[in-house]
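Asks: Structure incoming, see below.
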Amino acid sequence: MRVKVDSLVITFPTTSAAMACEEFCAKKDLPGRMIPVPGLISAGCGLAWKVSPADRPQMERELGAAGIEWSGMDVVGLWELA
């Protein structure tokens, strides 16, 4: 069964920034995973980082400190398997 879950979607201006985020998050053991930008959002390079909305302060702090540029952070409902 699929359910709609609120997710924080972080978009990036370039593919390089998206890949830097993925590598950085893996090294720092930060939550999330790379997804295609949902159709509800029109931004960036086509790749986005998906995390729980509760992780927003941590992601803003960590990505900012690492100098990783993002285009936006939006909470959207995404379908997931229950």
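Values in this text are rule-based calculations from the coordinates and carry no lab data. On a predicted model such as this, the values are computed, not experimentally measured, just so you know. Here Cβ is always computed from backbone atoms with ideal geometry, including for glycine, and neighbour counts include all displayed protein chains.
Asks: Rounded, prolate or oblate: pick one for the stretch 1-50, where a ≥ b ≥ c are the square roots of the eigenvalues of its C-alpha gyration tensor, a/c under 1.5 means rounded, and failing that, prolate if a/b is larger than b/c, else oblate.
Replies: Numbers: a/c = 2.78, a/b = 1.22, b/c = 2.27.
Note, shape of the stretch 1-50 comes out oblate.
Asks: Taking square-rooted eigenvalues a ≥ b ≥ c of the alpha carbon gyration tensor, is the stretch 8-82 rounded, prolate or oblate, where a/c under 1.5 means rounded and, failing that, a/b exceeding b/c means prolate? Kindly include the intermediate steps, with their values, before the conclusion.
Replies: Working: a/c = 1.60, a/b = 1.21, b/c = 1.32.
Cα axes put the stretch 8-82 in the oblate bin.
Asks: Another question, then. List the residues, sorted by chain then number, that are 5 or more residues from Thr14 or on another chain and whose placed amide H is less than 5 Å from its amide H.
Replies: Amide H neighbours of Thr14, under 5 Å, 5+ apart: Cys45.
Asks: Same structure again: On a 0 to 90° scale, report how tilted helix 56-66 is relative to the longest principal axis of the chain, with both axes built from alpha carbons and the result rounded to the nearest 10.
Replies: Value to nearest ten degrees: 30.
Asks: Moving to a separate point now. Given the Cα-Cα distance of Arg33 and Ser52 and 0.36 nm per residue of separation, how much length would full extension add, in nm?
Replies: 5.8 nm
Asks: May I pose another question? Over the chain, what is the relative contact order in whole percent, taking alpha-carbon pairs under 8 Å and six or more residues apart?
Replies: Averaging sequence separation for qualifying contacts and normalising by length gives 53 percent for the chain.
Asks: Then there's this: Please identify which residues in the stretch 54-71 have an amide N closer than 16 Å to a label point set 7 Å out from the Cα of Thr14, following the Cα→Cβ vector.
Replies: 67-71
Asks: Using Cα atoms only, what is the angle between the long axis of helix 15-28 and the major principal axis of the chain, expressed in degrees (0 to 90) to the nearest 10?
Replies: With both axes taken from Cα atoms, the answer is about 90 degrees.
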